[in-house]
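Working notes, structure below.
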């Protein structure tokens, strides 16, 4: 009797979950397996066909563009996540400090989150324009620039320009998660610390930061996964250029598959990207488990 | 009691009337009944002057009432990717625009046109550059949407102000003239180029420079030739010396043409249509309108041309109708006249793919309105080399190589890579891709 009682809710839950699970399998697992299958096939539009063994992997690993895209992806993801976390943490702390007008600040912070990625990219395209861009206008009027600069003309400035644009899109997510995390820290901790003579930095270092480790980890994890597969911002702002200055793996996959019709090589790059992302997130989660200190 | 027999005939008549009314009502609900069977064909194009293309389609439908054209327009930057996606998803379509630089990889699913009625006659009348650009493996895959060649677009106002008598005839003279203009304070950077790494741009200009020196960019072993290296070194030196605008490195062909239209530059080596009344000689949009002229390339004056074309999907179930459409758009109407190609010159500054079109008075007047001599344009189109005579343009790996090569070119021009190293990178990549596609 007791066994059947304990089974019934489980079975019901499984039945209720089944449609969602089926959708996940249909739209995530099956495509993933299919991409894996493609990576071992000779799939070039109008050419080839059949099993290719490791040829696609050999080809992409010998391709200097793939190596460059790999390095760019890590740099892009690393810096945009770091930037988003730092800015997001700063804003979340500001919001928690109950400054006047913080309600407006919440609205302003959430705004980029509501903007579709494609619109975000277009906004930054206008901001960086070498002829009428807002960034040039502001810097020129402040006397920082003596002439309008072309921000997307050199690999270094183009890479940092797209990182800033992408981080801007990530910040609201970080703020929301960290702000929620900050509200769960009991005020007593800070009061006790103040009584013990701890200054603001010490409170931040020994109370806020350790207790925010979990939300910080979650934010970093999500931002990292998103950054690893960032495409829209690159496609609209630089298309991987100048040279291969902003060429990232997700754009390379698109380019190989849909511009050059080499689906096998594109699938091989996509699989490598997925492997790297799994490895990074896996090791990060392991670190996260070890540092979880929330009460 | 009524002994009259039942009027079954009247009853049937009533039933017939009711049925007729019901049918009419159903038909009016569904839409007008065509007077004859109509075939609808799907036509895919990129988005240059959409209204003009729609006007041409209306003209075609008026001449061929049995055919209706369902046109879909795709932004040109996404065109090749979208078509590849449509093909891999087996999306049905009948006719389409085709870039000549993807013909090598698209030829596997494009319909060869040689066997179609009138194709042989049209092929015979085509300009060599059009015929070569649209032929792959000995088969014709397209009719010309337009052809163009590369020339020097120059600003005569700046030239005259600097006391220069004529546009440059050698590369050394070109640099010398730019120096003169810069020294006179007439322009910060006298030279601007289309060098953005996507779309055609830098490498097509490079191919033109190599052709003008009488060479090829890559030899049979896919090594960069001396003409190729000399062109790259000369081009890089103009950036190093401050004669070429460094901010122009991220300009695509359209953007560089607009930059030239600002009046701040002396020359732009580009496709000829940018001199047209819709571009540099547009009185409303261009500050150099009336002063923008075309000059031949330096040295041997050889130049390269290219052709965009109309093709047919081999999987189409309406190939006959698709042929009628592309023949109207890419060649002649039923009258035998080049109706659409002639209109493109006037409406879009796009030049033709057949011999003798320049003799039409409307075409001739249109060319003169953008500062061009119709006979010169016709001669240059007739003598332009097909891109495949300078680079392995029709190799299935070319498009991928070109994107990479454009990136290397940008790095060389920006001073991040030495010309010799850039040439080595071009060669290495070409060999790697050729090996992959040789399998």
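Residue A:156 passes every criterion in (1) within 14 Å of chain B (Cβ to nearest Cβ); (2) exposed (fewer than 15 other Cβ atoms within 10 Å of the Cβ); (3) at pLDDT below 90 apart from (3).
The residues listed here are A:280, A:221; of these, the one that is modelled with pLDDT of 90 or more and either more than 30 Å from residue A:49 (Cα to Cα) or away from chain B (no Cβ under 14 Å) (or both) is A:221. Here residue B:346 clears all of (1) touching a residue at least 60 places away in the same chain (Cβ under 8 Å); (2) not assigned by TED's automatic domain parsing to the domain that holds residue B:211 except the condition numbered (1).
Do we have residue B:98 as within 14 Å of chain A (Cβ to nearest Cβ) and crowded, with 22+ Cβ neighbours inside 10 Å here? Criteria met by residue B:98. Of the candidates B:437, B:338, the single residue that is within 30 Å of residue B:119 (Cβ to Cβ) and within 14 Å of chain A (Cβ to nearest Cβ) is B:437. Residue-level analysis places residue A:270 among those that are in contact with a helix residue (DSSP H, G or I) (Cβ under 6 Å, 6 or more places away or on another chain), closer than 30 Å to residue B:434 by Cβ and away from chain B (no Cβ under 12 Å). Counting the residues of segment B:169-197 that are surrounded by 17 or more Cβ atoms within 10 Å (Cβ to Cβ) and more than 21 Å from residue B:242 (Cβ to Cβ) gives 1. From the list A:98, A:147, the one residue that fits, being exposed (fewer than 11 other Cβ atoms within 10 Å of the Cβ), more than 27 Å from the chain's Cα centre (by Cα) and within 14 Å of chain B (Cβ to nearest Cβ), is A:147.
Look at (1) within 14 Å of chain B (Cβ to nearest Cβ); (2) more than 21 Å from residue B:429 (Cβ to Cβ) and you find that residue A:260 fails only one, number (2). For segment B:129-157, filtering for residues that are more than 27 Å from residue B:394 (Cβ to Cβ) and crowded, with 24+ Cβ neighbours inside 10 Å leaves 3.
Just checking, does segment A:53-65 include any residue being out of contact with any strand residue (DSSP E or B) (no Cβ under 6 Å at 6 or more places or on another chain), on the phi > 0 side of the Ramachandran plot and either within 14 Å of chain B (Cβ to nearest Cβ) or touching a residue at least 24 places away in the same chain (Cβ under 8 Å) (or both)? Yes, the conditions are met somewhere in segment A:53-65. Scan segment A:233-253 and tell me whether some residue there is within 14 Å of chain B (Cβ to nearest Cβ), assigned to a helix (DSSP H, G or I) and free of Cβ contacts under 8 Å to residues at least 24 places away in the same chain. Yes, there is a match, as at least one residue in segment A:233-253 is within 14 Å of chain B (Cβ to nearest Cβ), assigned to a helix (DSSP H, G or I) and free of Cβ contacts under 8 Å to residues at least 24 places away in the same chain. State all residues of segment A:153-171 that are over 16 Å from the mean Cα position of the chain (by Cα) and over 17 Å from residue B:196 (Cα atoms); if no residue qualifies, say none. Hits for segment A:153-171: nothing passes.
Does residue B:315 satisfy the criteria of being surrounded by fewer than 18 Cβ atoms within 10 Å (Cβ to Cβ) and either touching a residue at least 12 places away in the same chain (Cβ under 8 Å) or assigned to a loop (DSSP other than H, G, I, E, B) (or both)? Considered against the rule, which asks whether it is surrounded by fewer than 18 Cβ atoms within 10 Å (Cβ to Cβ) and either touching a residue at least 12 places away in the same chain (Cβ under 8 Å) or assigned to a loop (DSSP other than H, G, I, E, B) (or both), residue B:315 comes out as yes. As for segment B:389-411, it holds no residue that is in contact with a helix residue (DSSP H, G or I) (Cβ under 7 Å, 6 or more places away or on another chain), away from chain A (no Cβ under 12 Å) and in a helix (DSSP H, G or I).
Considered as a group, the residues in segment B:328-348 that are closer than 26 Å to residue B:156 by Cβ and touching a strand residue (DSSP E or B) at 6+ places or on another chain (Cβ under 9 Å) include one that is surrounded by the fewest Cβ atoms within 10 Å (Cβ to Cβ), and that residue is B:348.
The values are calculated or read from the model by the stated rules, or taken from the named source; none is laboratory data. Note that the structure is a prediction, hence the values are computed from the model and not measured. Quick reminder, even Gly has a Cβ in these numbers, built from the backbone with ideal geometry, and neighbours come from all protein chains shown.
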